[in-house]
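Undergrad: Here's a structure for you.
The values are calculated or read from the model by the stated rules, or taken from the named source; none is laboratory data. Remember, predicted model here, so these are calculated numbers, not experimental data. Every residue, glycine among them, receives a Cβ derived from its backbone with ideal geometry; neighbour counts consider all protein chains shown.
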């Protein structure tokens, strides 16, 4: 243990490109107790909650591991997770209730426990806030950013309702849009660049953030005036709006400007340069993999530095039609027979179409399997990025409760039974990991319920109508 | 909210960075260095009024003056302007349309002149009310239904109304980004998708503003506005010149009317399959205002793949819809409509066969037989439901809400206006605007 007692609120100040930057420090040895699992003042290390999302289902026959319990044997789809296997639990055999408009229903019901709402495809949205937001209200109340939504590719499905594109919502028709630009994620997490023209010296930043706060105070006062004349339903809508503004104020307030205070040049290991990769591609090319890695590393840093504790990470959008040619062509090459015959090329390389179409050798979407393996490769990169950051006695992943999920079970039929979900991390010791928990049926909403409770949200249930989950998955609890 | 805040700050930055733009907000010249109350007040008066679509209240003026003064004293007057612009653009009173009304002697609440100015401007010109319109409101020129109607007539005559009402039709067709971005082109070459979008919107514009023809004519019209590339794509005679121009569809051509062109055929789909049930759903919901319910949850709606050795047309593959007791309740009234359009593929091209098999276009609309899409369109145009639906759809767009029982009764005169004018949308709009539906507040929820 270090002989220095360092205040947890210490921030690093620096100058980046002429604009002052303030960044929270990760937990340092000096802040922790002797066991490395709590702060010197006695508080436990914070837990993080997140959802990592892919789309268009899996080939269930290749997804579900054949053995169960601890030390399960990875299935074909999950092989890329080998390096982090002991942090990944697989839950199988549970079903997603309700159904509804395909693809959107998957993420909606999983994240809200309720059916889709909206009276046409272009209006389909969530009926309430998603579980990440519910959890953020409890564990993200004091961080600079309440929750961060990150996206890697942005190929739309053919529908336009918010449920078809976004996993996280603060309410009906109020999605939390992912940030697809690595530069913007960087700025949001680590930069407090205030004005369009950066000015030298910390004093300019003082004025800018003070100005921002004064502006937001005026906005809140104005809104309060409006609130007094509204009917109940409009009041609720406005309250949602105000919550968002208060979250911004919190963000500005928790990174105080100005200098002062000693402290060594300890840092969160800030990325050496501001990344410039532009995400949001509709074509899954090699650059997408770089973006995935960059986003994963920045998010890991953001979690370690306690800038945020809640996230959703959309590798692809629900029902996405992202073009995924290189992976599929590689799979075709790998299937080349000894006589040199190649499987027929799919008529479309869009990821959603690939989840439905056959080729000349097999009947049900073999390319879907190759795509799923690739997604799991990207998930592996993500999980490794979190595991790489030391925290306390262990690493960041030890204090995370993360769910990896997508929008259907069986890709070709859109079925929702045996809904694939992975639980990753140990939630500060509350979760066991590296287990395959297999069930003979039941409600998959128990997965988000279990993980939300493990990170500290004491929800009594999750779900609605006659599909309300109340019991955590005992097999996953430590 | 973060996006709003970032956008508001960015706009404020851009305004402050350009003297010419700043002059539109700060009304005094030169811009003072320190706080100048007179200048701030007059600037707030004009800018704030345009932003909030009405004059600021005294407490709002005090609030923003306070902000301006506070920032000016620490920095400069211009910085104060930056802060005030950012604050006003984030106010819920700017972001949301507040329509509260005021009580009248009759007991019903009537929208204020400024609220009516905003309703007129957003409905007809799809933009915020300009100073001239707000002036008229302030002078009390929008205080009677007749005066409002007269103003609307004048606004409809402006070119801004053409651009404004195009937005209605784009929403009706759920065009979204179709034709605007390559990603939303459904696999079409982007300029072709753009031409299809423009075709639909300019056909609508021409019908409403130039021809004054009934809305249902859109379904059956034998003229359409295309460019040379699009005409060739459709198999229509070429228009003269290089741009968009009107062409006549020959009587023996399979195409006529909105339902046989790209904005309907391609936009609704995914560019891969024709999706006849989706097409039929549009007809039922948007043309006839008949609700179509979702399939039961346990039903697997994915069509099994076609076995190449035994080809079947889409119609054949959907047979089960019409024979299975669980399906035919809904599908008997959907599939015959959508399947008629099978002679247009997923990208809107004409075809006569599918996998070498002939395509059957005949079907029935609630028992009325038709031979081909053109005949179906004729039948649809004659249905009384199509006429009242044209009114309903416009009403929902204009009011932003689905009509309740009370509204339906009050829509009767608007429906009558449709009948009397033989379906001219202009007259329908004016009838609606001149009615209490537009000018009085319905009960709050």
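Undergrad: Condition first: within 14 Å of chain B (Cβ to nearest Cβ) and free of Cβ contacts under 8 Å to residues at least 12 places away in the same chain. Can you find one or more residues in the stretch A:415-427 that meet it?
TA: Within the stretch A:415-427 (the criterion being within 14 Å of chain B (Cβ to nearest Cβ) and free of Cβ contacts under 8 Å to residues at least 12 places away in the same chain), the answer is yes, since at least one residue qualifies.
Undergrad: Here's another thing I want to ask about it. Just checking, which of A:379, A:386, A:368, A:397 is within 14 Å of another protein chain (Cβ to nearest Cβ), in a helix (DSSP H, G or I), at pLDDT 85 or above and under 28 Å from residue A:294 (Cβ atoms)?
TA: Of A:379, A:386, A:368, A:397, the one residue that is within 14 Å of another protein chain (Cβ to nearest Cβ), in a helix (DSSP H, G or I), at pLDDT 85 or above and under 28 Å from residue A:294 (Cβ atoms) is A:368.
Undergrad: Based on what the data block shows, is residue B:63 away from chain A (no Cβ under 11 Å) and touching a helix residue (DSSP H, G or I) at 6+ places or on another chain (Cβ under 8 Å)?
TA: no
Undergrad: Just to be sure before I move on: is residue A:137 out of contact with any strand residue (DSSP E or B) (no Cβ under 9 Å at 6 or more places or on another chain), in a helix (DSSP H, G or I), modelled with pLDDT of 95 or more and more than 11 Å from every other protein chain (Cβ to nearest Cβ) in the structure I sent?
TA: Criteria not met by residue A:137.
Undergrad: What number of residues in the stretch B:139-188 are in a helix (DSSP H, G or I), surrounded by fewer than 16 Cβ atoms within 10 Å (Cβ to Cβ) and either in contact with a strand residue (DSSP E or B) (Cβ under 8 Å, 6 or more places away or on another chain) or in contact (Cβ under 8 Å) with a residue 24 or more places away in the chain (or both)?
TA: Looking only at that region, the number is 4.
Undergrad: Identify, from the list B:341, B:264, B:282, the residue that is closer than 21 Å to residue B:380 by Cβ, outside any loop (DSSP other than H, G, I, E, B) and within 14 Å of chain A (Cβ to nearest Cβ).
TA: Among B:341, B:264, B:282, only B:282 is closer than 21 Å to residue B:380 by Cβ, outside any loop (DSSP other than H, G, I, E, B) and within 14 Å of chain A (Cβ to nearest Cβ).
Undergrad: Something else: Are any residues in the stretch A:226-246 assigned to a helix (DSSP H, G or I) and either surrounded by fewer than 14 Cβ atoms within 10 Å (Cβ to Cβ) or more than 7 Å from chain B (Cβ to nearest Cβ) (or both), and if so, which ones?
TA: Of everything in the stretch A:226-246, those that are assigned to a helix (DSSP H, G or I) and either surrounded by fewer than 14 Cβ atoms within 10 Å (Cβ to Cβ) or more than 7 Å from chain B (Cβ to nearest Cβ) (or both) turn out to be A:227, A:232, A:233, A:234, A:235, A:236, A:237, A:239, A:240, A:242, A:243, A:246.
Undergrad: Check the stretch B:113-132 and report whether any residue there is in contact (Cβ under 8 Å) with a residue 12 or more places away in the chain and within 14 Å of another protein chain (Cβ to nearest Cβ).
TA: Yes: the stretch B:113-132 contains one or more residues that are in contact (Cβ under 8 Å) with a residue 12 or more places away in the chain and within 14 Å of another protein chain (Cβ to nearest Cβ).
Undergrad: Picking from B:102, B:87, which residue would you name as being touching a strand residue (DSSP E or B) at 6+ places or on another chain (Cβ under 7 Å) and within 14 Å of another protein chain (Cβ to nearest Cβ)?
TA: Just a single option satisfies the conditions, and that option is B:102.
Undergrad: Just to check your reading of the model, which residue among B:377, B:372 is surrounded by 19 or more Cβ atoms within 10 Å (Cβ to Cβ), under 30 Å from residue B:315 (Cβ atoms) and in contact with a helix residue (DSSP H, G or I) (Cβ under 9 Å, 6 or more places away or on another chain)?
TA: Testing whether each residue is surrounded by 19 or more Cβ atoms within 10 Å (Cβ to Cβ), under 30 Å from residue B:315 (Cβ atoms) and in contact with a helix residue (DSSP H, G or I) (Cβ under 9 Å, 6 or more places away or on another chain) leaves just B:377.
Undergrad: Something else about it: Within the stretch A:429-439, does at least one residue satisfy the condition of being within 14 Å of another protein chain (Cβ to nearest Cβ) and either farther than 19 Å from residue A:77 by Cα or in a loop (DSSP other than H, G, I, E, B) (or both)?
TA: no
Undergrad: OK, next. Got a number for residues in the stretch A:122-133 being in a helix (DSSP H, G or I) and more than 14 Å from the chain's Cα centre (by Cα)?
TA: Here the count works out to 2.
Undergrad: If you don't mind, another one. Only one residue in B:333, B:340 is at pLDDT 90 or above and touching a strand residue (DSSP E or B) at 6+ places or on another chain (Cβ under 6 Å). Which one?
TA: Only one candidate qualifies: B:340.
Undergrad: Enumerate the helices (runs of 4 or more DSSP H) found wholly within the stretch B:1-112, keeping only those where 1 or more residues are closer than 30 Å to residue B:400 by Cβ.
TA: Counting at least 1 such residues, we get B:2-17, B:19-25, B:49-52, B:58-74, B:77-90, B:92-95.
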